[in-house]
(Lines give C-alpha, C1' and ligand atoms only; values in the text may rest on other atoms or scores of the structure.)
Protein backbone atom coordinates (compact mmCIF):
# COMPACT_ATOMS: atom_id res chain seq x y z
CA UNK A 1 0.00 0.00 0.00
CA UNK A 2 1.15 3.53 -0.81
CA UNK A 3 0.01 6.54 1.20
CA UNK A 4 0.43 9.89 -0.54
CA UNK A 5 0.26 13.31 1.10
CA UNK A 6 1.47 16.73 0.01
CA UNK A 7 1.80 20.30 1.23
CA UNK A 8 2.54 19.59 4.87
CA UNK A 9 4.03 23.10 5.32
CA UNK A 10 5.19 22.06 8.77
CA UNK A 11 5.29 24.96 11.22
CA UNK A 12 3.97 25.68 14.70
CA UNK A 13 1.45 28.48 14.03
CA UNK A 14 -0.66 29.07 10.93
CA UNK A 15 -0.65 32.87 11.15
CA UNK A 16 2.17 34.95 12.61
CA UNK A 17 -0.40 37.45 13.93
CA UNK A 18 -2.20 34.67 15.80
CA UNK A 19 0.51 32.63 17.55
CA UNK A 20 -2.17 31.15 19.82
CA UNK A 21 -3.67 29.31 16.82
CA UNK A 22 -0.98 26.64 16.72
CA UNK A 23 -0.48 22.90 16.74
CA UNK A 24 -2.55 22.15 13.61
CA UNK A 25 0.37 20.94 11.51
CA UNK A 26 1.71 18.84 14.39
CA UNK A 27 -1.59 17.03 14.83
CA UNK A 28 -2.04 16.47 11.09
CA UNK A 29 1.50 15.07 10.79
CA UNK A 30 0.93 12.87 13.85
CA UNK A 31 -2.29 11.46 12.37
CA UNK A 32 -0.61 10.87 9.00
CA UNK A 33 2.22 8.97 10.70
CA UNK A 34 -0.31 6.92 12.68
CA UNK A 35 -2.03 6.00 9.41
CA UNK A 36 1.25 4.72 7.99
CA UNK A 37 2.29 2.67 11.03
CA UNK A 38 -1.20 1.18 11.37
CA UNK A 39 -0.83 -0.31 7.87
CA UNK A 40 2.09 -2.77 8.05
CA UNK A 41 4.26 -2.78 4.96
CA UNK A 42 2.92 0.54 3.65
CA UNK A 43 5.12 3.30 2.23
CA UNK A 44 4.62 7.04 2.48
CA UNK A 45 5.26 9.38 -0.46
CA UNK A 46 5.37 13.12 0.25
CA UNK A 47 4.51 15.34 -2.72
CA UNK A 48 6.52 18.45 -1.86
CA UNK A 49 6.35 21.50 0.43
CA UNK A 50 7.14 19.39 3.46
CA UNK A 51 8.45 22.28 5.54
CA UNK A 52 6.93 25.75 5.21
CA UNK A 53 10.34 27.32 4.59
CA UNK A 54 14.02 26.42 4.41
CA UNK A 55 14.72 27.71 7.94
CA UNK A 56 12.34 25.73 10.17
CA UNK A 57 12.73 25.98 13.93
CA UNK A 58 14.35 23.21 15.92
CA UNK A 59 10.91 22.41 17.32
CA UNK A 60 9.52 21.83 13.82
CA UNK A 61 12.50 19.73 12.76
CA UNK A 62 12.12 17.61 15.89
CA UNK A 63 8.44 17.11 15.10
CA UNK A 64 9.35 15.75 11.68
CA UNK A 65 12.20 13.65 13.11
CA UNK A 66 9.95 11.93 15.64
CA UNK A 67 7.45 10.99 12.93
CA UNK A 68 10.18 9.73 10.62
CA UNK A 69 11.77 7.65 13.39
CA UNK A 70 8.41 6.10 14.20
CA UNK A 71 7.86 5.03 10.58
CA UNK A 72 11.43 3.99 9.72
CA UNK A 73 11.75 2.10 13.00
CA UNK A 74 8.82 -0.09 11.97
CA UNK A 75 10.25 -0.84 8.54
CA UNK A 76 8.26 1.67 6.48
CA UNK A 77 9.87 3.58 3.62
CA UNK A 78 9.32 7.31 3.17
CA UNK A 79 9.87 8.89 -0.24
CA UNK A 80 9.54 12.51 -1.33
CA UNK A 81 9.78 14.99 -4.15
CA UNK A 82 10.62 18.64 -3.60
CA UNK A 83 8.12 21.48 -3.83
CA UNK A 84 8.62 25.19 -4.33
CA UNK A 85 9.04 25.60 -0.55
CA UNK A 86 11.81 22.97 -0.43
CA UNK A 87 14.29 24.88 -2.58
CA UNK A 88 17.63 24.21 -0.87
CA UNK A 89 20.83 22.41 -1.96
CA UNK A 90 20.24 19.44 0.35
CA UNK A 91 16.48 18.96 0.80
CA UNK A 92 15.77 18.79 4.53
CA UNK A 93 13.66 15.57 4.48
CA UNK A 94 16.76 13.65 3.39
CA UNK A 95 18.48 14.59 6.65
CA UNK A 96 15.91 12.51 8.53
CA UNK A 97 15.95 9.40 6.36
CA UNK A 98 13.47 10.18 3.58
CA UNK A 99 14.44 8.96 0.11
CA UNK A 100 14.21 11.38 -2.80
CA UNK A 101 12.51 10.32 -6.03
CA UNK A 102 15.02 11.50 -8.61
CA UNK A 103 13.50 13.01 -11.76
CA UNK A 104 12.53 10.45 -14.38
CA UNK A 105 13.82 7.38 -12.51
CA UNK A 106 11.49 4.41 -11.98
CA UNK A 107 11.16 3.18 -8.39
CA UNK A 108 9.48 -0.04 -7.32
CA UNK A 109 7.44 0.92 -4.27
CA UNK A 110 5.51 -2.01 -2.85
CA UNK A 111 5.23 -3.56 -6.31
CA UNK A 112 4.12 -0.31 -7.95
CA UNK A 113 6.29 1.46 -10.55
CA UNK A 114 6.59 5.08 -9.41
CA UNK A 115 8.18 8.06 -11.18
CA UNK A 116 8.64 11.48 -9.60
CA UNK A 117 9.11 14.94 -11.07
CA UNK A 118 10.48 17.40 -8.53
CA UNK A 119 9.12 20.94 -8.67
CA UNK A 120 10.17 22.74 -11.85
CA UNK A 121 9.57 26.48 -12.09
CA UNK A 122 10.16 26.81 -15.82
CA UNK A 123 7.13 25.70 -17.85
CA UNK A 124 9.13 24.62 -20.90
CA UNK A 125 11.46 22.53 -18.74
CA UNK A 126 8.43 20.90 -17.09
CA UNK A 127 6.94 20.07 -20.49
CA UNK A 128 10.24 18.43 -21.48
CA UNK A 129 10.30 16.44 -18.26
CA UNK A 130 6.76 15.19 -18.86
CA UNK A 131 7.60 14.19 -22.42
CA UNK A 132 10.47 12.07 -21.07
CA UNK A 133 8.48 10.22 -18.39
CA UNK A 134 8.93 6.45 -18.76
CA UNK A 135 6.03 3.99 -18.40
CA UNK A 136 4.85 3.89 -14.79
CA UNK A 137 1.83 3.15 -12.60
CA UNK A 138 2.09 6.37 -10.56
CA UNK A 139 3.50 9.76 -11.51
CA UNK A 140 4.27 12.05 -8.55
CA UNK A 141 4.34 15.82 -9.23
CA UNK A 142 4.25 19.20 -7.53
CA UNK A 143 2.62 21.63 -9.92
CA UNK A 144 -0.69 23.26 -10.88
CA UNK A 145 -2.71 21.68 -13.66
CA UNK A 146 -5.05 23.91 -15.65
CA UNK A 147 -8.22 22.41 -14.20
CA UNK A 148 -6.93 22.77 -10.64
CA UNK A 149 -5.78 26.38 -10.91
CA UNK A 150 -7.45 27.80 -13.98
CA UNK A 151 -6.51 31.47 -14.10
CA UNK A 152 -3.98 32.60 -16.68
CA UNK A 153 -0.21 32.54 -16.11
CA UNK A 154 -0.40 30.29 -13.05
CA UNK A 155 -0.92 26.75 -14.36
CA UNK A 156 1.92 24.99 -16.17
CA UNK A 157 0.38 21.92 -17.77
CA UNK A 158 -2.81 20.04 -18.59
CA UNK A 159 -3.79 16.40 -18.29
CA UNK A 160 -3.06 16.04 -22.02
CA UNK A 161 0.62 16.82 -21.33
CA UNK A 162 0.96 13.58 -19.34
CA UNK A 163 2.02 10.63 -21.55
CA UNK A 164 -0.60 7.93 -21.92
CA UNK A 165 1.84 5.30 -20.61
CA UNK A 166 1.84 7.04 -17.22
CA UNK A 167 -0.91 5.89 -14.88
CA UNK A 168 -2.48 7.96 -12.10
CA UNK A 169 -0.91 11.35 -11.35
CA UNK A 170 -0.67 12.25 -7.66
CA UNK A 171 -0.02 15.98 -7.39
CA UNK A 172 0.67 18.55 -4.72
CA UNK A 173 0.94 22.37 -4.76
CA UNK A 174 -2.65 23.62 -5.02
CA UNK A 175 -3.84 22.79 -1.45
CA UNK A 176 -7.26 21.62 -2.67
CA UNK A 177 -8.78 18.17 -2.93
CA UNK A 178 -9.59 17.82 -6.62
CA UNK A 179 -9.93 14.74 -8.83
CA UNK A 180 -10.24 14.86 -12.60
CA UNK A 181 -9.41 12.06 -14.98
CA UNK A 182 -6.00 10.70 -13.99
CA UNK A 183 -5.10 13.72 -11.82
CA UNK A 184 -5.48 13.37 -8.05
CA UNK A 185 -4.76 16.22 -5.62
CA UNK A 186 -5.24 15.39 -1.92
CA UNK A 187 -5.13 18.99 -0.69
CA UNK A 188 -2.91 20.21 2.13
CA UNK A 189 -2.90 18.21 5.35
CA UNK A 190 -4.45 21.09 7.32
CA UNK A 191 -5.52 24.72 6.97
CA UNK A 192 -2.72 27.07 5.88
CA UNK A 193 -4.70 30.22 5.10
CA UNK A 194 -8.17 31.76 5.20
CA UNK A 195 -8.74 30.51 1.65
CA UNK A 196 -8.45 26.90 2.87
CA UNK A 197 -11.15 27.10 5.53
CA UNK A 198 -14.15 26.55 3.26
CA UNK A 199 -14.33 23.77 2.25
CA UNK A 200 -11.99 22.04 4.67
CA UNK A 201 -10.74 19.36 2.26
CA UNK A 202 -7.52 18.23 3.92
CA UNK A 203 -6.34 14.67 3.59
CA UNK A 204 -4.26 12.04 1.82
CA UNK A 205 -4.58 9.20 -0.70
CA UNK A 206 -4.31 5.48 -0.19
CA UNK A 207 -3.24 3.55 -3.29
CA UNK A 208 -3.97 -0.15 -2.89
CA UNK A 209 -4.33 -2.82 -5.58
CA UNK A 210 -4.67 -0.21 -8.30
CA UNK A 211 -7.37 1.79 -6.51
CA UNK A 212 -6.86 5.41 -5.41
CA UNK A 213 -8.98 6.42 -2.40
CA UNK A 214 -8.99 9.80 -0.64
CA UNK A 215 -9.15 9.95 3.16
CA UNK A 216 -9.83 13.07 5.21
CA UNK A 217 -7.66 14.19 8.12
CA UNK A 218 -9.87 15.41 10.95
CA UNK A 219 -8.03 18.31 12.54
CA UNK A 220 -9.32 21.43 14.19
CA UNK A 221 -12.77 22.75 13.21
CA UNK A 222 -12.60 25.96 11.16
CA UNK A 223 -15.68 27.89 10.11
CA UNK A 224 -16.36 31.18 8.33
CA UNK A 225 -19.60 32.91 9.30
CA UNK A 226 -21.29 36.29 8.92
CA UNK A 227 -22.74 37.95 12.00
CA UNK A 228 -26.53 37.55 12.00
CA UNK A 229 -29.39 36.29 14.18
CA UNK A 230 -28.14 32.68 13.88
CA UNK A 231 -24.57 33.42 14.94
CA UNK A 232 -25.09 32.70 18.64
CA UNK A 233 -26.65 29.33 17.91
CA UNK A 234 -23.76 28.43 15.61
CA UNK A 235 -21.24 29.40 18.27
CA UNK A 236 -23.11 27.39 20.91
CA UNK A 237 -22.87 24.32 18.69
CA UNK A 238 -19.18 24.87 17.96
CA UNK A 239 -18.43 25.34 21.68
CA UNK A 240 -19.40 21.69 22.21
CA UNK A 241 -16.50 20.62 19.98
CA UNK A 242 -14.46 17.80 21.56
CA UNK A 243 -11.42 17.80 19.27
CA UNK A 244 -7.88 18.30 20.53
CA UNK A 245 -7.72 21.94 19.46
CA UNK A 246 -10.42 24.60 20.02
CA UNK A 247 -12.46 25.68 17.00
CA UNK A 248 -11.53 28.78 15.01
CA UNK A 249 -14.25 31.08 13.69
CA UNK A 250 -13.55 33.56 10.93
CA UNK A 251 -16.25 36.11 11.80
CA UNK A 252 -17.27 38.88 9.39
CA UNK A 253 -19.35 41.75 10.73
CA UNK A 254 -20.17 45.45 10.20
CA UNK A 255 -17.80 47.67 12.14
CA UNK A 256 -20.82 49.14 13.92
CA UNK A 257 -21.38 45.72 15.57
CA UNK A 258 -17.93 45.50 17.12
CA UNK A 259 -19.24 45.78 20.69
CA UNK A 260 -21.59 42.86 20.09
CA UNK A 261 -18.73 40.80 18.68
CA UNK A 262 -16.52 41.60 21.67
CA UNK A 263 -19.32 40.40 23.95
CA UNK A 264 -19.65 37.14 21.99
CA UNK A 265 -15.90 36.59 22.22
CA UNK A 266 -16.03 36.93 26.00
CA UNK A 267 -18.98 34.57 26.33
CA UNK A 268 -17.51 31.97 23.97
CA UNK A 269 -13.96 32.05 25.30
CA UNK A 270 -13.39 28.44 24.23
CA UNK A 271 -13.53 29.53 20.59
CA UNK A 272 -10.68 31.36 18.87
CA UNK A 273 -11.85 34.20 16.63
CA UNK A 274 -10.52 35.87 13.51
CA UNK A 275 -12.24 39.26 13.43
CA UNK A 276 -13.04 40.72 10.02
CA UNK A 277 -14.83 44.04 10.40
CA UNK A 278 -16.49 45.51 7.32
CA UNK A 279 -16.74 49.24 6.83
CA UNK A 280 -20.20 50.09 5.48
CA UNK A 281 -19.05 53.61 4.79
CA UNK A 282 -16.27 52.46 2.49
CA UNK A 283 -18.53 49.95 0.74
CA UNK A 284 -21.16 52.59 0.00
CA UNK A 285 -18.54 55.02 -1.26
CA UNK A 286 -17.27 52.49 -3.78
CA UNK A 287 -20.63 51.64 -5.36
CA UNK A 288 -22.01 54.12 -7.96
CA UNK A 289 -25.56 55.27 -7.38
CA UNK A 290 -26.32 54.96 -11.10
CA UNK A 291 -26.50 51.31 -12.19
CA UNK A 292 -26.31 52.09 -15.89
CA UNK A 293 -23.04 53.12 -17.47
CA UNK A 294 -20.86 52.06 -14.53
CA UNK A 295 -17.29 53.25 -14.92
CA UNK A 296 -15.41 50.14 -13.78
CA UNK A 297 -12.06 51.92 -13.89
CA UNK A 298 -13.44 54.53 -11.50
CA UNK A 299 -14.81 51.83 -9.20
CA UNK A 300 -11.40 50.13 -9.07
CA UNK A 301 -9.64 53.44 -8.53
CA UNK A 302 -11.99 54.42 -5.70
CA UNK A 303 -11.62 51.01 -4.07
CA UNK A 304 -7.84 51.13 -4.13
CA UNK A 305 -7.81 54.72 -2.88
CA UNK A 306 -10.04 53.76 0.06
CA UNK A 307 -8.30 50.53 1.00
CA UNK A 308 -4.69 51.58 0.34
CA UNK A 309 -4.90 55.30 0.95
CA UNK A 310 -1.53 55.61 2.65
CA UNK A 311 0.47 53.28 0.43
CA UNK A 312 0.91 54.64 -3.08
CA UNK A 313 3.31 51.87 -4.26
CA UNK A 314 0.79 49.24 -3.18
CA UNK A 315 -1.99 51.11 -4.98
CA UNK A 316 0.06 51.23 -8.17
CA UNK A 317 0.90 47.52 -7.97
CA UNK A 318 -2.70 46.49 -7.23
CA UNK A 319 -4.01 48.60 -10.10
CA UNK A 320 -1.51 47.10 -12.53
CA UNK A 321 -2.31 43.53 -11.41
CA UNK A 322 -6.00 44.15 -12.06
CA UNK A 323 -5.77 46.01 -15.34
CA UNK A 324 -2.67 44.77 -17.15
CA UNK A 325 -3.06 41.77 -19.51
CA UNK A 326 0.03 40.01 -18.06
CA UNK A 327 -0.18 40.26 -14.25
CA UNK A 328 2.59 37.68 -13.77
CA UNK A 329 5.01 39.94 -15.68
CA UNK A 330 3.89 42.93 -13.61
CA UNK A 331 4.59 41.05 -10.38
CA UNK A 332 7.94 39.80 -11.67
CA UNK A 333 9.04 43.33 -12.58
CA UNK A 334 7.89 44.65 -9.19
CA UNK A 335 9.88 42.00 -7.31
CA UNK A 336 13.00 42.78 -9.34
CA UNK A 337 12.70 46.47 -8.47
CA UNK A 338 12.19 45.87 -4.75
CA UNK A 339 14.74 43.10 -4.10
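The values are calculated or read from the model by the stated rules, or taken from the named source; none is laboratory data. For clarity, every value in this text was computed on a predicted model and none was experimentally measured. Cβ sites come from the backbone with ideal geometry, for glycine too, and all protein chains shown count toward neighbours.
The single residue among 63, 8 that is surrounded by 23 or more Cβ atoms within 10 Å (Cβ to Cβ), modelled with pLDDT of 95 or more and under 22 Å from the mean Cα position of the chain (by Cα) turns out to be 8.
Scanning the stretch 19-38 for residues that are without any contact (Cβ under 8 Å) to a residue 60 or more places away in the chain, under 18 Å from the mean Cα position of the chain (by Cα) and more than 25 Å from residue 75 (Cβ to Cβ) yields a count of 1. Just checking, does the stretch 187-198 include any residue being assigned by TED's automatic domain parsing to the domain that holds residue 161, more than 24 Å from residue 51 (Cβ to Cβ), part of a strand (DSSP E or B) and in contact with a strand residue (DSSP E or B) (Cβ under 9 Å, 6 or more places away or on another chain)? Among the residues of the stretch 187-198, not one is assigned by TED's automatic domain parsing to the domain that holds residue 161, more than 24 Å from residue 51 (Cβ to Cβ), part of a strand (DSSP E or B) and in contact with a strand residue (DSSP E or B) (Cβ under 9 Å, 6 or more places away or on another chain), which makes the answer no. When residue 101 is tested against (1) over 27 Å from residue 218 (Cα atoms); (2) surrounded by fewer than 16 Cβ atoms within 10 Å (Cβ to Cβ); (3) in contact with a strand residue (DSSP E or B) (Cβ under 6 Å, 6 or more places away or on another chain), only condition (2) is not met. Is at least one residue of the stretch 96-111 over 28 Å from residue 163 (Cα atoms) and either touching a helix residue (DSSP H, G or I) at 6+ places or on another chain (Cβ under 8 Å) or free of Cβ contacts under 8 Å to residues at least 12 places away in the same chain (or both)? Within the stretch 96-111, one or more residues are over 28 Å from residue 163 (Cα atoms) and either touching a helix residue (DSSP H, G or I) at 6+ places or on another chain (Cβ under 8 Å) or free of Cβ contacts under 8 Å to residues at least 12 places away in the same chain (or both). The condition of being surrounded by 15 or more Cβ atoms within 10 Å (Cβ to Cβ), closer than 29 Å to residue 165 by Cα and in contact (Cβ under 8 Å) with a residue 60 or more places away in the chain holds for only one of 41, 47, that being 47. In the stretch 71-91, the condition of being surrounded by 15 or more Cβ atoms within 10 Å (Cβ to Cβ), in the same structural domain as residue 162 (by TED's automatic domain parsing) and over 28 Å from residue 166 (Cβ atoms) is met by no residue. When residue 110 is tested against (1) out of contact with any strand residue (DSSP E or B) (no Cβ under 6 Å at 6 or more places or on another chain); (2) modelled with pLDDT under 95; (3) exposed (fewer than 14 other Cβ atoms within 10 Å of the Cβ), just one condition goes unmet, and that condition is (1).
With respect to residue 119, determine if the residue is assigned by TED's automatic domain parsing to the domain that holds residue 44 and under 24 Å from residue 165 (Cβ atoms). Answer is yes for this residue.
Taking the criterion of being crowded, with 21+ Cβ neighbours inside 10 Å and closer than 21 Å to residue 20 by Cβ, the only residue of the stretch 193-218 that qualifies is 202. Among the residues of the stretch 115-124, at least one is modelled with pLDDT of 95 or more, over 23 Å from residue 30 (Cα atoms) and either over 24 Å from the mean Cα position of the chain (by Cα) or not in a loop (DSSP other than H, G, I, E, B) (or both).
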